[in-house]
1. Taking segment 223-252 on its own, how many of its residues are of a type outside the set (A, V, I, L, M, F, W, C) and within 36 Å of the chain's Cα centre (by Cα)?
2. Please verify whether VAL136 is among the β-branched types (Val, Ile, Thr), surrounded by 11 or more Cβ atoms within 10 Å (Cβ to Cβ) and within 34 Å of the chain's Cα centre (by Cα), treating the condition exactly as stated.
3. Go over the candidates LEU91, LEU23 one by one and state the one that is among the aliphatic types (A, V, I, L, M), exposed (fewer than 11 other Cβ atoms within 10 Å of the Cβ), part of a helix (DSSP H, G or I) and modelled with pLDDT of 75 or more.
Amino acid sequence: MKVSLRKCFWVQVACLSLWPILLCAQSSDLAQNLADCKNGREACDRSKLSSSESDAVAIARHGRNVSNCRNGYDFCDHSKLSEPEAMALALADHQRNVSNCNDGRSCDRSKLTQSEAREMAVAEHQRNFANCKDGVGDCDRSKLSPSEAGAADTAKRQLNLSDCKNGAGLCDHSGLTPSETREVTAAEHHRNAQNCENGWDECDHSNLTALEAGQTAVAEHQRNLAACRDGQETCDYSELTPPEAKMLADAEHKRNYTACLKGYGYCDPSRLTPSEAKGIQTGHKPVFR
């Protein structure tokens, strides 16, 4: 009998110990269910909602429907909108349609007022005029006035001249005047000289003047010297002058000795002089000149 009472006591203690855990788990489940219901998820179990939670879910559901309607989403139930909400939606739909028409996007022109239709026609005309001037998009020259056609032609010639001078875009040399051709030729020559001097692509040495060829040669020599000094693979030692080769050899000799002495960096002991090798062993540092 005592054993049975003892077992019963410990069972009750175990139940009381687990009760907070069970309550916490249940509370977490209910909170998740409430969130699922508010967000319209399939996992929602409305039978587990309290009266106040059901009201909160209904409000969230209504707000979601209003948002869907305002954004033009499929899940919109117009019958659930209040009269002010329906009026606000109609206004937003109308403004969006007007904006789409003015911007050249898909729209319902039949829903425009007369003044809105005139405004759209003006916007459409200006867009066509801009396309003709800029050489982008669809251009219908038949819709341009004589002055607009002239302005579009002028803008097109200027754009072509700019493309030809900058070596970019679609340059049509046949559309240039004699003076423009001279401008473009001068710009192309200057661009080629810059490309050669800076070591860039599209360099034609045969088109350089004697002065430009000399400047390019100096720049190329300096770039090669820098590459050799930095140990780059593009270095061509055969292009170095004897003083430059000696300067680099002395600098490399000093670097190699320092690496051997400090035990840090690449060291080639075979390049050390006998006195340097002996100095490293004794800790004596030679003087570089």
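1. 7
2. So VAL136 fails the test.
3. Exactly one of LEU91, LEU23 is among the aliphatic types (A, V, I, L, M), exposed (fewer than 11 other Cβ atoms within 10 Å of the Cβ), part of a helix (DSSP H, G or I) and modelled with pLDDT of 75 or more, namely LEU91.
The values are calculated or read from the model by the stated rules, or taken from the named source; none is laboratory data. Remember, it's a predicted structure, so these values are computed and weren't measured experimentally. Neighbour counts run over all protein chains shown; Cβ positions are idealised from the backbone, glycine included.
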